[in-house]
Each structure stands twice: as structure tokens, then as C-alpha cells.
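Down below is the structure, laid out as C-alpha cells.
The values are calculated or read from the model by the stated rules, or taken from the named source; none is laboratory data. Just so it is clear, the structure is predicted and the values come from calculations on it, not from any experiment. As a convention, Cβ positions derive from the backbone with ideal geometry for all residues, glycine included, and neighbour counts pool all protein chains shown. Calculation scope for accessible area: heavy atoms of the full protein, side chains included, ligands and nucleic acids excluded. Shrake-Rupley method; radii C 1.70, N 1.55, O 1.52, S 1.80 Å.
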Amino acid sequence: MGKPSRLAVLGAGHVGPVIARLAIKAGYPVTIAASGDPEDIALVTELVIPGAQARWAGDAVADADIVVLAIPLHRFLDVGPALLDGKLVIDAMNYWPASDGALEAFEDDGSSEVVARRLSGSAVVKALNHIGYHELEDQARPAGTPGRKAAGVAGDDPAAVASIAGLVDRIGYDPVRVGILRAGRVLQPGGPVFGAVLTLPEFQRAVREGARSLT
């Protein structure tokens, strides 16, 4: 086995640190960046995400193999696409009109589809967005654990999806490849598995029943 991929987590709110901790526990080198000077989050990073390194976003992304977008979705529109060119990107964001306000760009399509169009030079995979951040950390279990929970993965690039499915497995969840980004709408708010923590059979059943309800 080669060296684990290097992760850059963009976002130091609730979700980003959880993903960073799970990745570090699974053996990934992790950097984390907020919107400003890394010195502003250095102490918090040391205390809350031991093993992660706080960096400027540009430096973190430049050295990363995988970039996790864990920022409020309205702030994504301020991210220059060139920053992420050539990167494998996990979209862990959600569209919440109640908190983000109505964002016209995200009203008609799945949010990850919009993200992928904006990041046309990147391979975007929707993952780690549909489980609450407390549960995401608390429910992670090693592969083979009875009752292990499932997490969905969606993307248009099969190799990118396979890579992120492997990451999901390593951090503690049975990965479920739900299809292309459009199919990943089942993972977003209003979808049949959003906010639920389900075993693999429960997840697959919920997705099937959700698909039937739309036909």
C-alpha cells in the first residue's frame, strides 16, 4: 500500500474539524484552513484537531491530493475555481436557505452539480454531507463491525468516486455509491437519507423507496 492521500480541509467550523479528526485517526496527513490567517486558528487546531496543521488555504490546497469543502455554501461562491484546478474535491456542503439565505444559483439543481460546474477543472464527489457532524464522529466504526453505518458517495468521475469511497471506508463507514452527481440529490436536504444514520441495508432501502416515491 502506498502513502495515504494528503487531505486539505477547507472550513474550521463544525463539520471540517470532525472530518479532519476522522481522517487523522485513519492515517491521513491533514491540513486545515479557514478564511483568513492560519495563526487565527492555530491554537484551536492544536487543541481540537491534534495532528492537523493550520495553513493558508492556498498552501493547504497546493500540497493536497484531496480537498474537502466544508464551508458554508454561500461562501463557496467566493472561492476561485482556479484554486482547486486538478484536485479531487469532496463536496461536504449543503444548501440551507434558512441559514445561507436564498441562493439563486442553487435553486434549480442539486448543489453538488452547481459546485461541479463551477469547479470544471476539478473532480467533484459528493460525500460526508448527509450525516450530522456529531453523529459522523460518534458512529464511525472499523470495517466489519456489526451494525456499521453507511455513507453515500456520488460523482461523475468513476475513479474519483472509487477514491473517495475508499476514504469513507477508512474513516469508519460502509460507502454506498449512489451514482452520478445528479443521483446524489438523495444525499442532500430533503433527500431520503439526509440526517439519518443508517446501516447499509437500511440506506439502500431508503434510497430505493425514495426513488419510487419520485416516479
Mean separation of Cα contacts under 8 Å (6+ apart) over length of the range 7-214, as relative contact order % | 17 percent
Treat every Asp and Glu Cβ in the range 1-107 as -1 and every Lys and Arg Cβ as +1, leave all other atoms uncharged, and give the resulting dipole magnitude about the Cα centre to the nearest 20 debye.
-> 520 debye
Ordered by number, the trypsin sites (Lys or Arg not before Pro) in the range 64-128 that occupy a DSSP loop and have at most 14 other Cβ atoms within 10 Å are none
Starting from the Cα of residue 3, draw a straight line to each of the lysines and keep only those under 20 Å, dropping any in the same chain fewer than 8 residues away.
-> 25, 87
So for the chain, using the alpha carbon gyration tensor with a ≥ b ≥ c as root eigenvalues (a/c under 1.5 gives rounded; past that, a/b versus b/c decides prolate or oblate), I'd call it oblate
Compactness summary of the range 20-123: radius of gyration and Dmax from Cα atoms, Å, are 14.4, 41
What residues from the range 155-175 fall in the zone where the backbone N is under 19 Å from a label point 7 Å along the Cα-to-C-beta line of residue 196?
-> 173-175
Which one of 84, 43, 73 has the biggest mean-square fluctuation once the chain is modelled by GNM with Cα springs under 10 Å?
-> 43
Give me the accessible area per residue for the chain, probe 1.4 Å, as a whole number in Å².
-> 48 Å²
Under a 10 Å cutoff between Cα atoms, tell me which one of 91, 59, 174 has the largest fluctuation in the Gaussian network model of the chain.
-> 59
Taking the Cα centre of the chain as origin, work out the dipole magnitude from +1 charges on Lys and Arg Cβ and -1 charges on Asp and Glu Cβ, in debye rounded to 20.
-> 820 debye
Could you give log10 I(q)/I(0) at q = 0.20, 0.27, 0.28 Å⁻¹ for the range 80-146, computed by the Debye formula over C-alpha point scatterers of equal weight, without solvent?
-> -0.91, -1.17, -1.20
Subtracting the Cα-Cα distance of residue 108 and residue 3 from 0.36 nm times their residue separation yields 33.8 nm
Report the one residue of 143, 90, 58 whose Cα lies farthest in the direction of the positive end of the charge dipole of the range 7-214 (charges on C-beta: Lys and Arg +1, Asp and Glu -1; origin at the Cα centre).
-> 143
Candidates 58, 155, 195: whichever shows maximal mean-square fluctuation once the chain is modelled as a Gaussian network with Cα springs under 10 Å = 58
Sort out for me the Cα centre separation of the range 101-134 from the range 39-87, rounded to whole Å.
-> 17 Å
Residue 37 versus residue 59, label points 7 Å from Cα toward the beta carbon: distance in nm?
-> 1.3 nm
Accessible surface of residue 99 in the full protein assembly, 1.4 angstrom probe, to the nearest 10 Å²?
-> 90 Å²
